1. Take GLY123 and decide whether it is of a type in the set (Gly, Ala, Ser), modelled with pLDDT of 95 or more, buried (at least 20 other Cβ atoms within 10 Å of the Cβ) and not assigned by TED's automatic domain parsing to the domain that holds PHE248.
2. Would you check if there is a residue in region 260-274 being part of a loop (DSSP other than H, G, I, E, B) and closer than 18 Å to PHE156 by Cα?
3. Tell me yes or no: at least one residue of region 219-238 is under 27 Å from ASP321 (Cα atoms), touching a Pro at 6+ places or on another chain (Cβ under 7 Å) and hydrophobic (A, V, I, L, M, F, W, C).
4. Suppose we keep only residues that are assigned to a helix (DSSP H, G or I) and of a type in the set (Gly, Ala, Ser) within region 210-231. Which one would you say is surrounded by the most Cβ atoms within 10 Å (Cβ to Cβ)?
5. Could you count how many residues in region 58-93 are touching a strand residue (DSSP E or B) at 6+ places or on another chain (Cβ under 9 Å), of a type outside the set (A, V, I, L, M) and touching a residue at least 40 places away in the same chain (Cβ under 8 Å)?
6. Just give me the residues in region 313-344 being over 15 Å from GLY162 (Cα atoms) and charged (D, E, K, R), in sequence order.
7. Considering only region 237-259, how many residues are among the hydrophobic types (A, V, I, L, M, F, W, C) and in a loop (DSSP other than H, G, I, E, B)?
8. Name the single residue that is modelled with the lowest pLDDT among those in region 101-120 being hydroxyl-bearing (Ser, Thr, Tyr) and out of contact with any Phe, Trp or Tyr (no Cβ under 7 Å at 6 or more places or on another chain).
Amino acid sequence: MIRSKLFYLFSALAVLALIISACGTAATEAPAPTEAPKPTEPPPTKEPTAVPPTAVPEPTPVPLGSPEKPIIMAIAPSATTDELIASGDTIAKLLSDETGLTIQAVVPTNYKAMIEAMCSGNGQIGWLPPFAYLVAHETKTKDAAGAEVSCADVAFITLRNGLDHYATQFIARAQDGYTAGTDPSALKQFDGKKPCWTDPFSASGYVIPASLLGQEGVKFKTAAFVQGHPTVVRAVYAGGICDFGATFVDARTNSAVQTDLPDVNDKVIVVYQTENIIPNDTVGFAYDVPAELRDTLTAALDKVSKTEEGAAAMKKLYSIDGLQAADDTFFDEFRVLLAASGIDVASLVR
């Protein structure tokens, strides 16, 4: 009995031990450790692809002679502006019709302004009087390639009565007692008197006359520069502004002067007149006019001058009868004359 109980007791203990053993194993067994994930390395950074800048197209140059950039034709202010513009506009229109280019006529305030316009690219065609042309040609500037060039070059000499040279005359009021003479000594009558000149760059309206007075020893008062040969005639006629004046031969025949002052030839006399020693006015081109365009304009000017309407406009403009092709050597003789008179053109542009 006791043995049976002990048997059952040991059996129970054995079962209990097995249970405990099983539980202990279950408690101590742990899942195999899991390796911690390695940190993911970021992909290598790629250098950004250079994006070429958007090309800005070069602006298309505006061609000379287009409506946006007209060819400027400068008219020398030797008469009233209204007279000159009317004739200049007619010539510009005829040239435009002939070439298909846009050409605009302007009248600068004086000869110096014309020269400056041709040296700065603000004037392409110039109707320059001879001395102003010499100054413009002597003045140097830089072309598009950086080369030193003359501001202007002559293309035509204007003709009057078939001549390419003209004279200068000294005028005064008849009532003031002056007498006409054929010798330069007649100029001594102007000693101590006040002259009216046209412009400092006018050959017949200042440069040559002032030189002749100097050669005769005539001392004159401070002059009045009145701009324009007809203006000198009017000033002498009116009196009070000056005692005498100098103009081209014969500025008294200007149509507007004749209309306003029908007795001008009686009231204003020619005291002395030179020989035809001065080259006529020029038509020239500024340095920035391309050779091909210059050729086109030269041919058009020649053709227009021979048409009825063009000839009439040029006659009204400066009493021009025609155009004669010329280059700068045409002025060599005149340069010698100026040098002999003590006039240094180069000194005026320094």
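The values are calculated or read from the model by the stated rules, or taken from the named source; none is laboratory data. Quantities reported herein were computed from a predicted structural model and do not represent experimental measurements. Note that each Cβ is placed from the backbone with ideal geometry, even for glycine, and that neighbours are counted across all protein chains shown.
1. Working: of a type in the set (Gly, Ala, Ser): yes; modelled with pLDDT of 95 or more: yes; buried (at least 20 other Cβ atoms within 10 Å of the Cβ): yes; not assigned by TED's automatic domain parsing to the domain that holds PHE248: yes.
Spelling it out, GLY123 is indeed of a type in the set (Gly, Ala, Ser), modelled with pLDDT of 95 or more, buried (at least 20 other Cβ atoms within 10 Å of the Cβ) and not assigned by TED's automatic domain parsing to the domain that holds PHE248.
2. Here is the first cut: in region 260-274, the residues part of a loop (DSSP other than H, G, I, E, B) are 261-263, 274.
With closer than 18 Å to PHE156 by Cα added as a condition, the list becomes none.
Checked against the condition, which is being part of a loop (DSSP other than H, G, I, E, B) and closer than 18 Å to PHE156 by Cα, region 260-274 yields no hits at all.
3. Taking region 219-238 first, the residues under 27 Å from ASP321 (Cα atoms) are 226-234.
Remaining after also requiring touching a Pro at 6+ places or on another chain (Cβ under 7 Å): 227-228.
When the remaining residues are screened for being hydrophobic (A, V, I, L, M, F, W, C), the result is none.
Checked against the condition, which is being under 27 Å from ASP321 (Cα atoms), touching a Pro at 6+ places or on another chain (Cβ under 7 Å) and hydrophobic (A, V, I, L, M, F, W, C), region 219-238 yields no hits at all.
4. ALA210
5. Matching residues across region 58-93 total 5.
6. LYS316, ASP327, ASP328, ASP332, GLU333, ARG335, ASP344
7. First, the residues of region 237-259 that are among the hydrophobic types (A, V, I, L, M, F, W, C): 238, 241-242, 244, 246, 248-249, 251, 256-257.
Narrowing further to those that are in a loop (DSSP other than H, G, I, E, B): 241-242, 249.
Of the residues in region 237-259, 3 are among the hydrophobic types (A, V, I, L, M, F, W, C) and in a loop (DSSP other than H, G, I, E, B).
8. Of region 101-120, the ones hydroxyl-bearing (Ser, Thr, Tyr) are 102, 109, 111, 120.
Subset that is out of contact with any Phe, Trp or Tyr (no Cβ under 7 Å at 6 or more places or on another chain): 102, 109, 120.
Working: THR102: 97, THR109: 88, SER120: 94.
Among those residues, the one meeting the criterion is THR109.
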